[in-house]
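Here's the structure, in structure tokens; my notes come after.
The values are calculated or read from the model by the stated rules, or taken from the named source; none is laboratory data. Remember, it's a predicted structure, so these values are computed and weren't measured experimentally. Virtual Cβ from ideal backbone geometry, glycine too; neighbours counted across all protein chains shown. To get the accessible areas, we keep the full protein, side chains included, count just its heavy atoms, and leave off ligands, DNA and RNA. Shrake-Rupley method; radii C 1.70, N 1.55, O 1.52, S 1.80 Å.
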Amino acid sequence: MNPGTMDAAPRPSAIGGFENWPSYLWSHPRHIAETPAGQALADALGVPSAPANSGAGAAPESAAPESVAFESEETHDGVTTSRVSWQLGFGPRTRAWFLRPAGASGPLPGVLALHCHAGIKSGGAERLVDAQLVNRYSANRGLQTSTLQQKLYGGRPFATWLASQGFAVLAHDAFSWGSRRFDLGTPPWRTAAVVEGRKALWREAGVVPSEADLYDAAAAAHEDTVAKAAGLLGTSFAGMVAHDDLAALRVLAGLPGVDAGRLGSIGFSGGGGRSLMLAALSPLVRSFVVTCMMTTYRSLVPSYLDAHSWLLQTPGLSRLGDYPELAARSTADRFLVQYALADELFPENGMRDADALLGAQHASGRYTGSFWPGGHAFTTDMQEEAAGFLLASLSPAHRVFARQNGHS
């Protein structure tokens, strides 16, 4: 593609499928948090307010996005899985998976399972559910799902397995992933140039890329454009992801069979960062888990800066304190951070320093940190620990104890 061709062609949209995003931000300028600490974080991230349909006078944290719909449901291996969707005020409709133990009676603790970044945006929450089920809804997506699960989740469909442990689990596509991805069929020029270079490398290697490969290559380059647009519009990439996560949390709180007083969040890698941010922004989160996404800012400079996406590196966020200090902005009763000692994305000294900071800030036992051998992956052993932690933290007995000891 030469400059002359670019000049002659109409300039494509840099935010395909999200052309109504700017007007949404202008009409929903600010998320109103329930605590000053949460508000400071929301303002630093530029989190816009989410639409609500619960009537006049409803508290922001109790309002749910419009048009929540159950689209299908099936039961397999003791887990009932529903396809759920809702419409936010801009961009494509959000699609999600709602999973719970088959035949469960009584309200269950609810967990928002937050998918990782992984550099793969053609899909989102589907990487957390059974690959065969994914394939029935999205042709040819099951193979990529299975591959990601083998590489990052110990071969386990984490959200499906978590539901089998006694939780009501919601896993949704976040802003710019899966159903909420940008339309890059005609990519903006800068993104197109990067993709053409990638195609040349594939041709040289004799590789025939799939549609998902082509999309993910474009999306990787396009994230910089999305972050640039977000900054121009007064928000941030992480702030927009937090917006979608807050909306999903409110959906979870209102789903049938969910105890809205016992909600937690969990995520690996980029999903772990999202879990931390969500807990700091919303008091609905009573317990949370961060897996392979905790360090100090200092440890990232200079060698690890290019190892991370815009989810971790929001301009100006460090003015609120170091990354582990953000946990103090949450009102959750307990939280767990899991570290991988051979994590390729974080130096060990940064993880050790973060653990020390968190331990010093939360001497009452509110914080639990655990170190695991191996690289950047959410192993089945780590999952077992995380599920046990959430089950204990969200038990009715623990919630009574927490209220008696001053936690909301």
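Listing for the model above:
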item: Charge dipole (debye, nearest 20) of region 152-280; +1 at Cβ of Lys and Arg, -1 at Cβ of Asp and Glu; result: 160 debye
item: 5 angstrom amide H check on SER269, placed H, neighbours 5+ away; result: THR291, CYS292, MET293
item: Helix-only mean residue ellipticity at 222 nm for the chain, each DSSP H run of n ≥ 4 adding -39500 (n - 2.57), per residue, nearest 500; result: -12000 deg cm²/dmol
item: Given charges at Cβ of Lys, Arg, Asp, Glu: the chain dipole, positive-most of ALA327, GLN338, VAL226; result: ALA327
item: Amide H partners (placed H, <5 Å) of ARG262, local residues excluded; result: GLY110
item: Given charges at Cβ of Lys, Arg, Asp, Glu: region 224-383 dipole, positive-most of ALA307, ILE266, SER364; result: SER364
item: Label-point gap, in nm, between THR147 and THR380 - each point 7 angstrom along Cα→Cβ; result: 2.3 nm
item: Reachable aspartates and glutamates, given that their alpha-carbon falls under 20 Å from the alpha-carbon of LYS228 and they are not under 8 places away in the same chain; result: GLU19, ASP43, ASP183, ASP216, ASP244, ASP306
item: Carbon/sulfur fraction of accessible area - the chain, other protein chains in place, 1.4 Å, %; result: 54 percent
item: Prolate/oblate/rounded label for region 281-342 (Cα gyration tensor, a/c 1.5); result: oblate
item: Acute angle (nearest 10 degrees) that the helix 348-361 long axis makes with the longest principal axis of the chain, alpha-carbon atoms; result: 40 degrees
item: Rounded, prolate or oblate (a/c below 1.5 giving rounded, otherwise prolate when a/b exceeds b/c) for the chain by Cα gyration tensor; result: rounded
item: Inter-probe distance in nm under a simple model that places probes 7 Å from Cα toward Cβ, at GLU325 and LEU305; result: 2.1 nm
item: Theoretical FRET efficiency, 1/(1+(r/R0)^6), r = Cβ-Cβ of ALA40 and ARG83, R0 45 Å, to 0.05; result: 0.75
item: Antiparallel content of DSSP bridges confined to the chain, in %, to 5; result: 45 percent
item: Cα-centred dipole magnitude for the chain, charges only on beta-carbon of K, R (+1) and D, E (-1), debye, nearest 20; result: 440 debye
item: Degrees, to the nearest 10: 237-254 long Cα axis against longest axis of the chain; result: 50 degrees
item: Filtered GluC sites (Glu not before Pro), region 61-140: DSSP coil and at most 14 other beta carbons within 10 Å; result: none
item: Region 305-316 - phi-based ³J(HN,Hα) in whole Hz, Karplus 6.51/-1.76/1.60, Gly and Pro as x; result: 5, 8, 8, 10, 8, 5, 5, 8, 10, 8, x, x
item: Label point distance in nm, ASN20-SER364, each placed 7 Å from Cα along Cα→Cβ; result: 4.4 nm
item: Charge dipole (debye, nearest 20) of region 60-219; +1 at Cβ of Lys and Arg, -1 at Cβ of Asp and Glu; result: 320 debye
item: Region 203-264 versus region 327-380: alpha-carbon centroid distance in Å; result: 24 Å
item: The chain, accessible area per residue, ligands and nucleic acids excluded (1.4 Å, Å²); result: 40 Å²
item: Nearest 10 degrees, 0 to 90: helix 36-45 Cα axis against the chain principal axis; result: 10 degrees
